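**Student:** Let me begin by handing over the structure; questions about it come next.
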Amino acid sequence: MNKITIEEIRKACCGQLLSGDETDTIDGVAIDSRKIKPGQLFVPIIGAVHDAHKFLPQVYEAGCRTFLVSDRKAAEPYGDCNVVLVEDTTKGMQLLAKYYLEKLNLKKITVTGSVGKTSTRDMVYSILSEKYKTGTTVGNLNSDWGVPLTIFSFDDSMEAAVLEIGMDRFGEIHRLVDIIRPEVGLITNVGISHVENLGSREGILQAKMETVDFFGEENTLVINQSNDMLSTVESDVYRIIRVGLEPSDDYYVHDICDHGDKGVDYQLTVKAEGRTYPVHLDIPGAHNALNSAMALAGCRLHGVETEDGIPGLRKVALTGSRLTIREKDGIKIIDDAYNAAPDSVKSALNTLMSMEGKRKIALLGGMNELGGESARYHREVGAYAAEKEIDLLITVGEKAFDYVAGAREGLGEERILHFAEKEDLYAAAEGLFREGDVVLVKASRGMEFEQIIEKLW
């Protein structure tokens, strides 16, 4: 982060200086009292359970001398510090992030979507980095506080940035794009994640379309035209680039060849260029053909020509447990444990079946945030697993039992195992997996299925 003054902080946050010197500077922002460093600004977040103002003594002890607070009384003992008072610390941090990002004057792209947004973000980053010094979201910092923290990690050396935007309620994307003001926005798809909060897929589309709330004629939205909800989007206010599986699409993805853990090949026809390019991805998953084409489309709008961006796709490193292939004792494990939704589980099953191996095994946990239709969606995925003729379906947890209901008719009882808890799986795991197996491990984040991988392999 570039240094900024206390005066800049006060003005950006519309705050009041309770104590300190406005000419002092900070060179970082933190919300975790355990990670604070001298010279940084500490922002105590008030959450549903904790009010981080209670950690001011520890932060002071660690050498921090600049606070952004909403509790005047909590700040009283720190008259020797720079203390800026605001009504709401989260909003104050967001205002400061907006001010700071405007100062950097970067080329900006945002990415959101029900599934695939992190992988697509990683692709955009890799492509943009072919031409520019690029900043990006670290890990999963895509929330009301995560986006500002990402922005504070940028500095004057950067020329471009790609930021991932998450949401589970109306208004969240609106707040974040107000901070970022991107020139280009990507929406990977509209699925059913968070339907319990947003009411319907139409509601999810509405929330995702907050991406364009500040768009004008100089802005461009890149969408997955093959998604039934996004294909309905039209605008005479901003430009739309459609990436899909039909020859009429602006970016036409065709002749997809899924080589399992050896990657994906496809042909990409770019209408505006009148050219077709062969594209190879070293990462698995046929669905990544569309994601990578969207990334190329978005980056071309910022001056990275298609033929120059394609080599960047060979350098993509996906974040976290997202279709990561590992091998132990002759068993291949597809670590896709980070999250799960119906479409992403089906795509992962496709990847499983495309890989070489003696037995194809799916180890699945429940999918969260599906509302009243949760059981139906789990049964639908279970039926899909049976349709793909996997050799063994292993399910863990209460919600995952509905996978069993969907798969039972197609697979039969002898090819299905259900465990109420992870510990039950551990107790039965000896001899369950053998050399030559390919095992997909996937569940919603709350199931913490990475623990299964650590325990068994």
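**Student:** If I ask for residues that are part of a loop (DSSP other than H, G, I, E, B) and at pLDDT 95 or above, which ones from the range 138-155 would you list?
**Tutor:** Listed by number, the residues that qualify are SER153, PHE154, ASP155.
**Student:** Here is a follow-up. Which one is surrounded by the most Cβ atoms within 10 Å (Cβ to Cβ), of the residues in the range 195-234 that are assigned to a loop (DSSP other than H, G, I, E, B) and in contact with a strand residue (DSSP E or B) (Cβ under 8 Å, 6 or more places away or on another chain)?
**Tutor:** That would be GLN225.
**Student:** Which of the residues that make up the range 1-23 are among the aliphatic types (A, V, I, L, M), within 19 Å of PRO38 (Cβ to Cβ) and in contact with a helix residue (DSSP H, G or I) (Cβ under 8 Å, 6 or more places away or on another chain)?
**Tutor:** MET1, ILE4, ILE9, listed by residue number.
**Student:** Would you pick out the residues in the range 15-32 that are assigned to a loop (DSSP other than H, G, I, E, B) and more than 31 Å from the chain's Cα centre (by Cα)?
**Tutor:** Those that are assigned to a loop (DSSP other than H, G, I, E, B) and more than 31 Å from the chain's Cα centre (by Cα): GLY15, GLY20, ASP21, GLU22, THR23, ASP24.
**Student:** Something else about it: Assess whether VAL243 counts as being within 18 Å of LEU296 (Cα to Cα) and not aromatic (Phe, Trp, Tyr).
**Tutor:** Spelling it out, VAL243 is indeed within 18 Å of LEU296 (Cα to Cα) and not aromatic (Phe, Trp, Tyr).
**Student:** Sort out which residues of the range 427-437 are surrounded by 14 or more Cβ atoms within 10 Å (Cβ to Cβ) and either touching a helix residue (DSSP H, G or I) at 6+ places or on another chain (Cβ under 6 Å) or over 21 Å from ASP336 (Cβ atoms) (or both), and write them in order of number.
**Tutor:** Within the range 427-437, the first condition is being surrounded by 14 or more Cβ atoms within 10 Å (Cβ to Cβ), and the residues that meet it are 429, 432-433, 437.
Residue satisfying the conditions is ALA429 alone.
**Student:** Which condition from (1) closer than 22 Å to THR118 by Cα; (2) free of Cβ contacts under 8 Å to residues at least 60 places away in the same chain; (3) surrounded by fewer than 16 Cβ atoms within 10 Å (Cβ to Cβ) is the one that ARG275 breaks?
**Tutor:** Result: ARG275 passes all but (1).
**Student:** Here is a further query. Can you confirm whether the range 131-143 contains a residue that is under 15 Å from ALA297 (Cα atoms), in contact (Cβ under 8 Å) with a residue 40 or more places away in the chain and touching a Phe, Trp or Tyr at 6+ places or on another chain (Cβ under 9 Å)?
**Tutor:** Within the range 131-143 (the criterion being under 15 Å from ALA297 (Cα atoms), in contact (Cβ under 8 Å) with a residue 40 or more places away in the chain and touching a Phe, Trp or Tyr at 6+ places or on another chain (Cβ under 9 Å)), the answer is no, since none of the residues qualifies.
**Student:** Check the range 392-408 and report whether any residue there is at pLDDT 95 or above, assigned to a strand (DSSP E or B), under 20 Å from GLU369 (Cα atoms) and touching a helix residue (DSSP H, G or I) at 6+ places or on another chain (Cβ under 7 Å).
**Tutor:** Yes - at least one qualifying residue is present in the range 392-408.
**Student:** Is there a residue being β-branched (Val, Ile, Thr), in contact (Cβ under 8 Å) with a residue 60 or more places away in the chain and closer than 20 Å to GLU305 by Cα anywhere in the range 93-109?
**Tutor:** Taking every residue of the range 93-109 in turn, at least one turns out to be β-branched (Val, Ile, Thr), in contact (Cβ under 8 Å) with a residue 60 or more places away in the chain and closer than 20 Å to GLU305 by Cα.
**Student:** Pairs under 7 Å by beta carbon, first residue within 15 Å of LEU393 (Cα to Cα) and in contact (Cβ under 8 Å) with a residue 24 or more places away in the chain in the range 346-366, partner among the basic types (Lys, Arg) and not in a helix (DSSP H, G or I), six or more apart or different chains?
**Tutor:** Between residues of the range 346-366 that are within 15 Å of LEU393 (Cα to Cα) and in contact (Cβ under 8 Å) with a residue 24 or more places away in the chain and residues that are among the basic types (Lys, Arg) and not in a helix (DSSP H, G or I), the close pairs are ALA348/LYS442; LEU349/LYS388; LEU352/LYS360; MET353/LYS360; MET353/LYS388; LEU364/LYS442; GLY366/LYS399.
**Student:** Can you tell me which condition VAL43 does not meet? The list is (1) crowded, with 18+ Cβ neighbours inside 10 Å; (2) within 24 Å of LYS208 (Cβ to Cβ), and all the others hold.
**Tutor:** (2)
**Student:** Quick one: GLU307 ticks every box in (1) in contact (Cβ under 8 Å) with a residue 60 or more places away in the chain; (2) surrounded by fewer than 16 Cβ atoms within 10 Å (Cβ to Cβ) except a single one, so which number is it?
**Tutor:** For GLU307, the failing item is (1).
**Student:** Next question. Only helices (runs of 4 or more DSSP H) wholly contained in the range 72-137 count here; list those with 3 or more residues that are closer than 25 Å to PRO38 by Cα.
**Tutor:** Numbers: elements: 72-75, 89-104, 117-128.
The qualifying helices (runs of 4 or more DSSP H) are 72-75, 89-104.
The values are calculated or read from the model by the stated rules, or taken from the named source; none is laboratory data. Since the model is a prediction, treat every value here as computed from it, not as a measurement. Reconstructed Cβ throughout: ideal geometry from the backbone, glycine too, with neighbour counts over all protein chains shown.
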